[in-house]
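Down below is the structure, laid out as structure tokens.
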Amino acid sequence: MMSNVIISTNKLCKTFSNGGLQQHVLKNLDIEIYEGDFTVIMGSSGAGKSTLLYALSGMDKPTLGSIQFLDKNIELLSNDKLAVFRRLNCGFIFQQMFLLDNMSILDNILASGLLMSKNRKILTERAKELFIQVGLDENMWRKFPAQLSGGEAQRAAIVRALINQPKVVFADEPTGALNSAAGKAALDVLTGINNKGQNIIMVTHDLKSARRGNRILYMRDGVIQGICSLGKYVSGDRERHDKLQAFLSEMGW
Amino acid sequence: MKWGGNVNKISMLAFANIRKSKGHSVSLLIMFFIAGLLFNAGLLVLISFGGFFEKTIEELNTSSIYYVMPSNYYNMEIEEFIANNSNTLEMQKEESLWAQGIIEYRDDTRKSVFLINDADKTREMSKWKYIGEHLAPDDMSIYLPSIFHEDGGYQLNDKFEVLFGDERFSFTIKGFIEDIYFCSFELGLMGVYLPHDTYENISGKLGDTNKATVIFANLKEINKDIESHIKELTNLETLSSSSDIVNTLLSFDLSIVRLSRVMMASMVAMMIVAFAAIIVLVCLIVVRFRIGNSIEDDMTKIGSLKAMGYTSRQIILSIVLQFVLIAFAGSIIGISISYLATPMLSDVFAQQSGLKWEQGFDGRISSITLITILIFVILTAFITARRINKLHPIVALRGGIITHSFRKNHMPLNTSKGSLIIILAFKSLFQNMKQSVMIMVIIIGVTFAGTFAVIMFYNTTIDIKAFAETPGIELSNASIILRTDTDNSKLIHDIKNMNHVNKVQFIDETMVKMNNIEVRFFIMEDYSEKITNTIYEGRYPHHSNEIAIAGYLADVINKGIGESVTLKIGHSSGEFIITGLTQGAYMGGVNASMTYTGILRLNPDFKQISLQIYLNDKTNTTQFVAEIENLSSDSILSVVNIDKTMELGTGAYTSIVSKVGIGILIVTISIVMLVLYFVINSSVTRRKRELGIQKAIGFTTFQLMNQLSIGFLPPIIAGVGIGGIAGITQTNKIMSVVQRAMGIMKANYIIKPLWIVLLGITIIIISYITSMIITYRIRKISAYELISE
């Protein structure tokens, strides 16, 4: 039985102008994202993965086509309405973390949380729970981003993405700037929250990261070249791994 | 060759930097333009206008003293006394006419004593000259002081009608002239010139009582000795101005004329130069801020340049050159435009000086302005940019040493109460303390200038009491000069009992010698009845052996409260104790006050003649004066409408100062807006990534605009507060220093805190709106773009 569609696109196009040259990055994309999925967008460099992620999240507007996110056509929303929409429905995890350098880690989380709720006490409690969930101890909360390691900062960024209990977490190469141990830890967190029902869309070009998804969209030159559906991630599941490997080989990865 | 190559490289870098930051370069250029304009205009007025006045004095061989008296009092004894006096260098005598006349002036009537001269008489001293075109005379021609053209709006060939007594004379204006003494209304005597035939005609009609003998002389040392002797010989009363020309000796000297003509221009010039200095300081702070920011923003570029082989000196020079070029261009435009502004200032000053100041290009003053500004810019730029010396290329290529301050997490979000946006704004404020202090310092400066301007505007436009009190004379509504040879008691009694009269009292004036200086004394029975309080230290005299003297005079004779002085009238003398210090520009600050019983000690025959009349509120003084004139009492020598005299007298001052005040206000607001543009624009550029992150996680553009704008408000509010308080507490002190030479020892301008509060609120609101407008550009940038940049 198919899950509910939470995001769908219709002839989604994104074109960038560069010195008078038109660069068509997304070309007539018709895709669907389902409830409960850990969707992974893979592809070679310049395929349009991040552009698609930011279009789906309402961070950037498409040139043509439409995006239905829950019950809203988000391409029609103004920038400010999109901001409010993102605050209600989206959490973001970036490769460079993009924490606010001039605030403590806890403040980084609360700056996002206080946009949604005025109850500082409840928010702080929720942040603490999430910190524990991602494995950050209390000493870290008072620190500034520059005082944390990359892995710790990324886990803090995950907490920030989750503080408002978003419908979808968008992750752009979340392990790209981390060493393998820190990367694995971050992926474990994402897998854990997905298992609890959190929708995740993640862009990656890393096989280890891609394995965590249950639905893989492979992009090339602005179009979806293939889709691979897998079961939920289970560590050491060889068959699942082989299926993904075969799919990627077929895509020419 | 090598030097030429260096210059090329440096200028190439400098121009590239200017091109890169066009917006900032243009706003800095505007600020230097304002600084150059004000600085040059101020210096032109301060140096050149004063110089122009002195040059005109020299050109017209203007005498150092001037006496005008009724011809029937003049005799050979006087002439011989002056000619043979050891203090006299040269003298000349001329027969003229004088008469009190009523004329039409700027849609109103104006009363003045006219000194009517024969234009065809030749003079060696105190000459006059035509200003602009003049026409051949015909029947009833007249040459008028140029103020009638510049301020009064009269043109060549216009009719000029004067009512002398009951007879109306109609002249045709054939030219405008300029002399030093009698070409403005300031001294109460207006000099006009008639062709010989017309002069003879008028002389015949006015009769012998209007004949005046005019003496101009150059003295080795300007003092009152000759004047005193003339007075003794003639028994004439000496006044510097009077409507009673029958038994008056009018006496003027160049220092009093100079004071009354150029003092206001000097004061205005000092205000403009002081304000320009504040603007230059603001420009330097902005240069420092801009260089500091650009070093941080272009850290990697500096690293690459160093790696390519550019020396630190070359990079520093390119930065210095960048700002020198902007300052040079802005100042040159400002200096050029200042020459367009001087005719406007000239017109305003002409109302007081009566002289048409024509300012051509002055290379010396312009160079002083330009070089002063450039030297300060070079010093500031060098001092700020020298940190590049210590920057290692590798460190710079890596974006410099990023120093994070982990000292304190100000206002943690989990415990701080209030709006998220306001808390974030305050966090940002604490994190950018240097920038906040810079904004505060700038706002203190401009608010102080703005407060000063508001105070000047209020005192010149809304309530001119303080300005009206500048001369230090009593501000009754009208005064009557009584005859000394009649019984005046009935008239005084009748006036006292008139409906609109609140009170009457005598305040007379007489000359008394104090330490060999002729001092004008106010004489009054009871000083507690005075409504214009000129005492700024001590008290008015109560007893017959007490006097109060002007602060300026106290400085001159080096005496203070509690000390005694010897006063002399003729052969009579007496010791008097100084009980208080007064202020006032009257007689150039050489004035004093004593009681009626005090003057009787020196002159038992002293007669009170100057009756001051205080009317009830809402009484029309002009109507009242007409009523008094219609009494046709034998006791009345003349009636003066003090209200009207003060209105006309203060008109020129208030017009000048209110215009300068409005100018300062406009510039203040412009500077606030330009500085905010600088700071906020830089801030948005530097914080693009941070703003992008905030936008990504759901902050709206309006929230971010507010966060940035509110972050600038605390230093602005603090600056407005400190600047406003400084303005309120210091303006009178500053004006006391500026006006000291005018005899104002303790300025007492009315300061309305509500007006200053309104100014402060205006600056804060304008700052907030400006910030919101500047930060509005965030709207156009998507979160994705902000982050990806």
**Request:** Kindly indicate whether any position in the range B:89-102 is under 21 Å from B:G153 (Cα atoms), at pLDDT below 90, surrounded by 15 or more Cβ atoms within 10 Å (Cβ to Cβ) and under 35 Å from the mean Cα position of the chain (by Cα).
**Result:** yes
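Tell me which residues, restricted to the range B:288-316, are in a helix (DSSP H, G or I), over 17 Å from B:S25 (Cα atoms) and not β-branched (V, I, T).
Passing the criteria: B:E296, B:M299, B:K301, B:G303, B:S304, B:L305, B:K306, B:A307, B:M308, B:S312, B:R313, B:Q314.
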**Request:** Scan (1) closer than 30 Å to A:N164 by Cβ; (2) surrounded by fewer than 22 Cβ atoms within 10 Å (Cβ to Cβ); (3) not β-branched (V, I, T) for the single condition B:L691 breaks and write down its number.
**Result:** (2)
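Run down A:T9, A:T39 and say which single residue is crowded, with 19+ Cβ neighbours inside 10 Å and touching a Leu at 6+ places or on another chain (Cβ under 6 Å).
The unique qualifying residue is A:T9.
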**Fill in**
Scanning the range B:670-703 residue by residue, those at the interface with chain A (Cβ under 9 Å from one of its Cβ atoms) and in contact (Cβ under 8 Å) with a residue 24 or more places away in the chain turn out to be B:R689, B:G692, B:I693, B:K695, B:A696, B:T701, B:Q703
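Name the one entry in A:L100, A:L115, A:L76 that is more than 17 Å from A:V169 (Cβ to Cβ) and within 12 Å of chain B (Cβ to nearest Cβ).
Exactly one residue qualifies, and that residue is A:L100.
Every residue, every condition in (1) of a type in the set (D, E); (2) closer than 29 Å to B:G551 by Cβ, yes or no:
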| site | (1), (2) |
| --- | --- |
| B:T470 | no, yes |
| B:I473 | no, yes |
| B:I480 | no, no |
| B:T486 | no, no |
| B:S489 | no, no |
| B:V501 | no, no |
| B:T510 | no, yes |
| B:E518 | yes, yes |
**Message:** Pull out all pairs, ordered by first then second residue, where Cβ-Cβ is under 6 Å, the residues are six or more apart or on different chains, the first lies in the range A:68-93 and is in contact (Cβ under 8 Å) with a residue 60 or more places away in the chain, and the second is part of a helix (DSSP H, G or I).
**Reply:** A:G91/A:A161; A:G91/A:L162; A:F92/A:A161; A:F92/B:A696; A:I93/A:A157; A:I93/A:I158; A:I93/A:A161
**Asked** Applying the selection to the range A:79-88, what residues are surrounded by 22 or more Cβ atoms within 10 Å (Cβ to Cβ) and more than 8 Å from every other protein chain (Cβ to nearest Cβ)?
**Response** A:L82
**Item:** Residues satisfying the stated conditions in the range B:183-224, i.e. under 29 Å from B:F349 (Cβ atoms) and part of a helix (DSSP H, G or I)
**Value:** B:F185, B:E186, B:L187
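Among the residues of the range B:547-598, write down those that are charged (D, E, K, R) and either part of a loop (DSSP other than H, G, I, E, B) or outside the structural domain of B:T534 (by TED's automatic domain parsing) (or both).
Hits for the range B:547-598 are B:K559, B:E563.
Going by what's in this entry, would A:K49 be described as touching an Asp or Glu at 6+ places or on another chain (Cβ under 8 Å) and basic (K, R)? Lay out the reasoning, then the answer.
Details: touching an Asp or Glu at 6+ places or on another chain (Cβ under 8 Å): no; basic (K, R): yes.
Taking the combined requirement at face value, the residue does not satisfy it.
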**Item:** Criterion (at pLDDT 85 or above, among the polar types (S, T, N, Q) and within 19 Å of B:L325 (Cβ to Cβ)) met by exactly one of B:S27, B:S21
**Value:** B:S27
**Tally, over the range B:503-524, of residues that are loosely packed, with under 14 Cβ neighbours inside 10 Å and not β-branched (V, I, T)** = 2
**Message:** Condition first: surrounded by 15 or more Cβ atoms within 10 Å (Cβ to Cβ), farther than 27 Å from B:D253 by Cα and out of contact with any His (no Cβ under 8 Å at 6 or more places or on another chain). Can you find one or more residues in the range B:125-135 that meet it?
**Reply:** yes
**Prompt:** If you go through the range A:171-198, how many residues are more than 17 Å from A:L130 (Cα to Cα), out of contact with any Asp or Glu (no Cβ under 9 Å at 6 or more places or on another chain) and assigned to a helix (DSSP H, G or I)?
**Reply:** 3
**Request:** Look at B:F53 and say whether it is crowded, with 16+ Cβ neighbours inside 10 Å, over 30 Å from B:N681 (Cβ atoms) and among the hydrophobic types (A, V, I, L, M, F, W, C).
**Result:** yes
**Asked** Would you call B:A585 in contact (Cβ under 8 Å) with a residue 60 or more places away in the chain and either out of contact with any helix residue (DSSP H, G or I) (no Cβ under 8 Å at 6 or more places or on another chain) or buried (at least 21 other Cβ atoms within 10 Å of the Cβ) (or both)?
**Response** yes
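Yes/no matrix, rows are residues, columns are (1) among the hydroxyl-bearing types (S, T, Y); (2) farther than 30 Å from B:E629 by Cα:
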position	(1), (2)
B:N117	no, no
B:G132	no, yes
B:S141	yes, yes
B:E150	no, yes
**Request:** Sort out which residues of the range A:89-110 are among the aliphatic types (A, V, I, L, M) and out of contact with any Leu (no Cβ under 6 Å at 6 or more places or on another chain), and write them in order of number.
**Result:** A:I93, A:M97, A:L99, A:L100, A:M103, A:I105, A:L106, A:I109
**Asked** Do the conditions hold for A:I109, that is, is it touching a residue at least 40 places away in the same chain (Cβ under 8 Å), surrounded by 16 or more Cβ atoms within 10 Å (Cβ to Cβ), more than 9 Å from chain B (Cβ to nearest Cβ) and at negative phi?
**Response** no
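Results for (1) more than 30 Å from B:T415 (Cβ to Cβ); (2) of a type in the set (F, W, Y); (3) within 17 Å of the chain's Cα centre (by Cα); (4) within 14 Å of chain B (Cβ to nearest Cβ), shown as yes or no for each residue.
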residue	(1), (2), (3), (4)
A:L136	no, no, no, no
A:E152	no, no, no, no
A:R155	no, no, yes, no
A:N164	no, no, yes, yes
A:F170	yes, yes, yes, yes
**Request:** Just give me the residues in the range B:626-644 being within 18 Å of B:I507 (Cα to Cα) and either buried (at least 19 other Cβ atoms within 10 Å of the Cβ) or not polar (S, T, N, Q) (or both), in sequence order.
**Result:** B:S635, B:I636, B:L637, B:V639, B:V640, B:N641, B:I642, B:D643
**Message:** Quick check on my filter: what residues within the range B:461-499 are part of a loop (DSSP other than H, G, I, E, B) and closer than 30 Å to B:N748 by Cα?
**Reply:** B:D463, B:I464, B:E469, B:T470, B:P471, B:G472, B:I473, B:E474, B:L475, B:S476, B:N477
**Item:** Tally, over the range B:737-789, of residues that are at pLDDT below 85 and farther than 27 Å from A:N79 by Cα
**Value:** 12
**Filter pass, B:S48 being in contact with a strand residue (DSSP E or B) (Cβ under 8 Å, 6 or more places away or on another chain), surrounded by 14 or more Cβ atoms within 10 Å (Cβ to Cβ), touching a residue at least 12 places away in the same chain (Cβ under 8 Å) and farther than 30 Å from B:T198 by Cβ** = no
**Message:** Cβ-Cβ under 6 Å, sequence separation 6+ or interchain: first residue in the range B:737-754 and assigned to a helix (DSSP H, G or I), partner small (G, A, S). Which pairs?
**Reply:** B:M742/B:A585
**Asked** What about B:F349, is it of a type in the set (F, W, Y), at pLDDT 95 or above and crowded, with 16+ Cβ neighbours inside 10 Å?
**Response** no
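The values are calculated or read from the model by the stated rules, or taken from the named source; none is laboratory data. In this text, all values refer to a predicted model and were calculated from it rather than measured experimentally. Heads up, the Cβs are rebuilt from the backbone with ideal geometry, glycines too, and the neighbour counts pull from every protein chain shown.
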